[in-house]
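Asker: First the structure, which I've put down as structure tokens, then a few questions once you've had a look.
The values are calculated or read from the model by the stated rules, or taken from the named source; none is laboratory data. In this text, all values refer to a predicted model and were calculated from it rather than measured experimentally. Virtual Cβ from ideal backbone geometry, glycine too; neighbours counted across all protein chains shown.
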């Protein structure tokens, strides 16, 4: 049985982010570390695939406590086989039914991908493995009018990359596809505004 349903988990994250962006913290999240001895098993309410950026820790942004979130962090919130496997593991093992792909404003990985496209600059081999996963989602954008507005280009690119990662999770795993079709799994895309602390959910939301 799922810990809680996807819509219930989403409502809890939205409320938690409302507290965070208002500079508040819940007592439960503040005191959750005191319960660590009793957490012999985990029942996370949501799986969050987010960026490694030090300004975007999911537990803090959503004001959740120890054991509440199963968090996967990688630069550019990209989806590679290891990330898919991690999401599958949590969905299958813990019954978690909400997956959030969370990008953020001022993303350095997005900047690196844009620079690679526009200037032909070659990042290191390892960074290139990240850029190559972002590039297909944003490459066409640099040929539009957005190219003359770097701020707007970056903003649109962040969301395009989130949509691509969320779509990959929905369609790139037989396990996740089955849970979506038969067991209420929901994969949504979101963007954290670093300047306000607000998370905007914009992709894959239930009607």
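Asker: Name the residue that is nearest to residue 97 (Cα to Cα), counting only residues in segment 173-201 that are touching a residue at least 24 places away in the same chain (Cβ under 8 Å) and loosely packed, with under 13 Cβ neighbours inside 10 Å.
Answerer: Filtering first and then ranking leaves 183.
Asker: Does segment 24-34 include one or more residues that are at pLDDT 95 or above and in contact with a helix residue (DSSP H, G or I) (Cβ under 9 Å, 6 or more places away or on another chain)?
Answerer: No, segment 24-34 contains no residue that is at pLDDT 95 or above and in contact with a helix residue (DSSP H, G or I) (Cβ under 9 Å, 6 or more places away or on another chain).
Asker: Are any residues in segment 174-207 over 15 Å from the mean Cα position of the chain (by Cα) and under 29 Å from residue 54 (Cβ atoms), and if so, which ones?
Answerer: Matches in segment 174-207: 176, 195, 196.
Asker: Looking at segment 134-154, can you tell me whether even one residue there is under 15 Å from the mean Cα position of the chain (by Cα), assigned to a helix (DSSP H, G or I) and under 15 Å from residue 109 (Cβ atoms)?
Answerer: Yes, segment 134-154 contains a residue that is under 15 Å from the mean Cα position of the chain (by Cα), assigned to a helix (DSSP H, G or I) and under 15 Å from residue 109 (Cβ atoms).
Asker: Another question, if that's okay. Taking the conditions exactly as written (more than 22 Å from residue 17 (Cα to Cα), in contact with a strand residue (DSSP E or B) (Cβ under 9 Å, 6 or more places away or on another chain) and not in a loop (DSSP other than H, G, I, E, B)), does residue 47 satisfy them or not?
Answerer: no
Asker: Now for a different question. Return the residue satisfying two criteria in turn: it lies in segment 69-123 and is assigned to a loop (DSSP other than H, G, I, E, B) and modelled with pLDDT under 95, and of such residues it is nearest to residue 50 (Cα to Cα).
Answerer: The qualifying residue nearest to residue 50 (Cα to Cα) is 123.
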